[in-house]
Structures are given as structure tokens and as C-alpha cells.
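Asks: First, the structure itself, so that you have it in front of you.
The values are calculated or read from the model by the stated rules, or taken from the named source; none is laboratory data. Please read these numbers as outputs of a predicted model, since none were measured by experiment. Backbone-built Cβ (ideal geometry, glycine too); neighbour counts: all protein chains shown.
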Amino acid sequence: MNVEEYLEKFYKLDDLEKLIINLANETKTPILTLSKAKILGLLVKLKNPSNCFEIGLGIGFSTYQILKNINENARLISIDKNFHRIELFFENIYKKFDLKLKKKLSVYPLDAFYCMDIFLNLNQKFDFIFIDSQKRDYFYFYDYFVNLTEKDALIVIDNITYNMQTFKEVTKRSEKYMEGVNLVKKFINKISNSEHFLNFFIPAGDGMCCLVKL
Ligand SMILES: C[S@@+](CC[C@H](N)C(=O)[O-])C[C@H]1O[C@@H](n2cnc3c(N)ncnc32)[C@H](O)[C@@H]1O
């Protein structure tokens, strides 16, 4: 038994968590590992944010962890550019949410850059952001993060080592993949030297990163 399998017993998963994990297995849709999902829940609980934003709804495993752990007045905007996954989420998961969960969530089928440009125009600020989208985009998200967050905001970023590729010297991957790895490396360099954020690494799976706005 590996740690992830053990955690399924340790946590006593609720019905929605079981449903999302089963749907992910059936449809081969990537979701956060359980260990990361629960770390995300803990961070949300401790931060107790009011205005949350998520890039990469998928079928909603991370979304559900955020919703479960924010207070009843807090709000989460979650986006995904993959319409099929949004459909899977609404047809299978969202309809099982109770009214309290539904009230906290807005989902938009939008690309992150388009959506964040709108937020910038509206001068929208968030105190919690979770990112689990295309890794090569992280580098280009940085300036948005600076402008869309208030002081002490927490940003949690998944897959920060890009499947451990950021610290390996030799890889036999396509040029496009290596370009992605280099962009994640550039993003890490940016956050490591940032005057806007404190940077914390969480060694779960291939790593999560937490940025705290100064
Ligand atoms: C790994 S999945 C998210 C899994 C989800 N966080 C969970 O735990 O269930 C990544 C998602 O990010 C979405 N995505 C990637 N790049 C995006 C972008 N630029 N804008 C919006 N969504 C994006 C993909 O369509 C995909 O559904």
C-alpha cells in the first residue's frame, strides 16, 4: 500500500470526495492527489480567505476542498478552458452540492489570461488563489498575481517542479516539453527573487509552492 492509498483510509472520505475520485478514474481525468488536496484544504482553513480564485477547475476535486474549508460568506470563482470537463463537473458533481456550497461558487468556462485581464480592468483583488493549470503558463501569470492580490494574500501553485523535471539535467522529451520545463524554471527563478512575495515550497508529490504577498 502506498501513502496515497493509506490516506484514503486515514481521511474517511466523504461521499463527494469518493464520487470525484471515482469519476476521475473512470474518465481518466487528472485531479489533485489526496495528500495535496488535504494540504490545500488545510491552507484554506488557516487562511480563512474571503475572495478566492482558482485556475483549473477540472472535475472539481480542488474546488471542493476549497469550498469545504472557506466560511459561508466567502466566495470562489473557478475557471477552466476545457468545456468537456466543466460539463462533467456540472452533470456529476455540482448537482450533488448542497445549497451552501453552491452559493459560494461561480464557474466560468474561460481561459485564464482572458479572465485575469477582465479582473485587472475591474480592479478585482483576491486573498486566495489556487493554480493547477498548464505549467508553461505560470511564468506569464506572475505579473497578474502581483496585481490581482492584496497584502497577505496566499497563492498556492501545484506541480511546481513539473514532474521533477525542473531539477533534472538530462531529459529525453520533445522540444515543446523542454520549453515548458524552462518556462517553469524561469518562473521559479522569478518567485525566488521576488520583491512582492515570500516563497514557500511544500514537498508533497512533485511539489506545491505557496506565495504570500508582501
Ligand atoms: C490538472 S487539471 C485540474 C484538476 C483540478 N484542480 C482538480 O483537482 O480536480 C488542469 C485543468 O486546467 C485547465 N487549464 C489549463 N490551462 C488553462 C488556462 N489557461 N485557462 C483555464 N484553464 C486552464 C485544463 O483545461 C484542466 O482541466
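Asks: Looking at this structure, is Phe139 more than 23 Å from Pro30 (Cα to Cα), in contact with a Leu (Cβ under 7 Å, 6 or more places away or on another chain) and either part of a helix (DSSP H, G or I) or away from the ligand (no atom under 14 Å from the Cβ) (or both)?
Replies: no
Asks: Next question, about the same structure. Which of the residues belonging to the stretch 164-214 are assigned to a loop (DSSP other than H, G, I, E, B) and touching a helix residue (DSSP H, G or I) at 6+ places or on another chain (Cβ under 9 Å)?
Replies: Of everything in the stretch 164-214, those that are assigned to a loop (DSSP other than H, G, I, E, B) and touching a helix residue (DSSP H, G or I) at 6+ places or on another chain (Cβ under 9 Å) turn out to be Lys168, Thr171, Arg173, Ser194, His196, Ala204, Gly205, Asp206, Gly207.
Asks: Oh, and also: Out of all the residues in the stretch 141-159, is one or more hydrophobic (A, V, I, L, M, F, W, C), at pLDDT below 95 and over 16 Å from Leu76 (Cβ atoms)?
Replies: Within the stretch 141-159, not a single residue is hydrophobic (A, V, I, L, M, F, W, C), at pLDDT below 95 and over 16 Å from Leu76 (Cβ atoms).
Asks: Would you point out which residue out of Glu150, Glu195, Glu175 is in contact (Cβ under 8 Å) with a residue 40 or more places away in the chain, exposed (fewer than 14 other Cβ atoms within 10 Å of the Cβ) and not polar (S, T, N, Q)?
Replies: Glu150
Asks: So which pairs qualify, if the first residue must be in the stretch 110-122 and free of Cβ contacts under 8 Å to residues at least 40 places away in the same chain, the second must be within 7 Å of the ligand (Cβ to nearest atom) and in a helix (DSSP H, G or I), the Cβ gap must be under 8 Å, and the two must be at least 6 apart or on different chains?
Replies: Hits for this filter: Phe113/Asp137.
Asks: A follow-up question, please. Exactly one of (1) closer than 19 Å to Ile55 by Cβ; (2) modelled with pLDDT under 95 is unmet by Asn182. Its number?
Replies: Going through (1) closer than 19 Å to Ile55 by Cβ; (2) modelled with pLDDT under 95 one by one, Asn182 breaks only (1).
Asks: Can you tell me which residue within the stretch 153-171, out of those that are farther than 17 Å from Leu43 by Cα and surrounded by 21 or more Cβ atoms within 10 Å (Cβ to Cβ), is nearest to the ligand (Cβ to nearest atom)?
Replies: Tyr162
Asks: Kindly indicate whether Lys103 is in contact (Cβ under 8 Å) with a residue 60 or more places away in the chain, within 27 Å of Lys47 (Cα to Cα) and surrounded by fewer than 16 Cβ atoms within 10 Å (Cβ to Cβ).
Replies: So Lys103 fails the test.
Asks: Can you tell me which of Glu8, Glu17 is of a type in the set (Asp, Glu), free of Cβ contacts under 8 Å to residues at least 60 places away in the same chain and closer than 17 Å to Leu88 by Cα?
Replies: Glu17
Asks: From Phe90, Phe61, Phe83, grab the single residue that is aromatic (Phe, Trp, Tyr) and either under 22 Å from Gly205 (Cα atoms) or surrounded by 23 or more Cβ atoms within 10 Å (Cβ to Cβ) (or both).
Replies: It is Phe61.
Asks: What helices (runs of 4 or more DSSP H) lie completely within the stretch 1-79 and have 3 or more residues being farther than 27 Å from Tyr114 by Cα and within 13 Å of the ligand (Cβ to nearest atom)?
Replies: The qualifying helices (runs of 4 or more DSSP H) are 15-27, 34-47.
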